[in-house]
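In what follows, a structure is listed as structure tokens, so that the remarks can point back to it.
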């Protein structure tokens, strides 16, 4: 039964990650990568860092649900937490593209920001996450719940986002090389889009 549940969750993560999750996550990642990307490899690594954050959150939630033996309850506070993290990521964009920081502090700081953002986006309830919690609660085992979160997350991370993220970061790199004068405007537009998304998240949290 556990093996069947795990296989089903991996398949669910694969399907969801290829469709709905890719479209949803791209709305957060697209502006950031377009404003800070530094080549295809950088984009792929950024997507992997984002995905790792999601996996860590799924493992934690699955383990907690298995330990408690009941579904976790969500509240507007989860949306507010995600919004605040998104603001922090948006405001870090100028630092991520700063010339003096590009080689030393940018990669580590950028990956950490995206890992945190990946975890934050996983706090928003969706049918697959609720399925993980329900199955984990039914097993009543923290280890099994963590395993469910892990296999679902691995399915999620295998998605078109890897190629799309790499492509956006490559476009950003080319723009930086060929049209340096436009980059500040592109970066400002990307930050504005992310801030507007936060406003929408807060508005939904208030309701």
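The values are calculated or read from the model by the stated rules, or taken from the named source; none is laboratory data. The shown structure was predicted, so the numbers you read here are calculated from the model rather than taken from an experiment. Cβ: placed from backbone, ideal geometry, glycine included. Neighbour counts: every protein chain shown.
Working only within segment 122-140, note down all residues that are crowded, with 19+ Cβ neighbours inside 10 Å and under 13 Å from residue 63 (Cβ atoms). Residues satisfying the conditions are 132, 133, 135, 136, 137, 139. When 38, 42 are screened for being at pLDDT below 85 and surrounded by 17 or more Cβ atoms within 10 Å (Cβ to Cβ), only 38 passes. Among the residues making up segment 1-20, those that are within 15 Å of the chain's Cα centre (by Cα) and surrounded by 23 or more Cβ atoms within 10 Å (Cβ to Cβ) are 13, 17.
Residues in segment 1-23 that are more than 17 Å from residue 165 (Cβ to Cβ) and modelled with pLDDT of 80 or more: 7, 8, 9, 10, 11, 12, 13, 14, 15, 16.
Across segment 112-135, not a single residue is classified as in contact with a helix residue (DSSP H, G or I) (Cβ under 7 Å, 6 or more places away or on another chain), farther than 27 Å from residue 18 by Cβ and at pLDDT below 85. Cβ-Cβ contacts under 9 Å between residues 6 or more apart (or on different chains), taken from a first residue in segment 113-127 that is at negative phi and in contact (Cβ under 8 Å) with a residue 60 or more places away in the chain to a second residue that is surrounded by fewer than 19 Cβ atoms within 10 Å (Cβ to Cβ) and assigned to a loop (DSSP other than H, G, I, E, B), are listed as 123/74.
Considering the conditions (1) in a helix (DSSP H, G or I); (2) in contact with a helix residue (DSSP H, G or I) (Cβ under 6 Å, 6 or more places away or on another chain); (3) at pLDDT 65 or above, residue 109 is excluded by exactly one of them, (2). Just one of the listed residues (160, 184) is at pLDDT 70 or above, surrounded by fewer than 18 Cβ atoms within 10 Å (Cβ to Cβ) and more than 18 Å from the chain's Cα centre (by Cα), namely 184.
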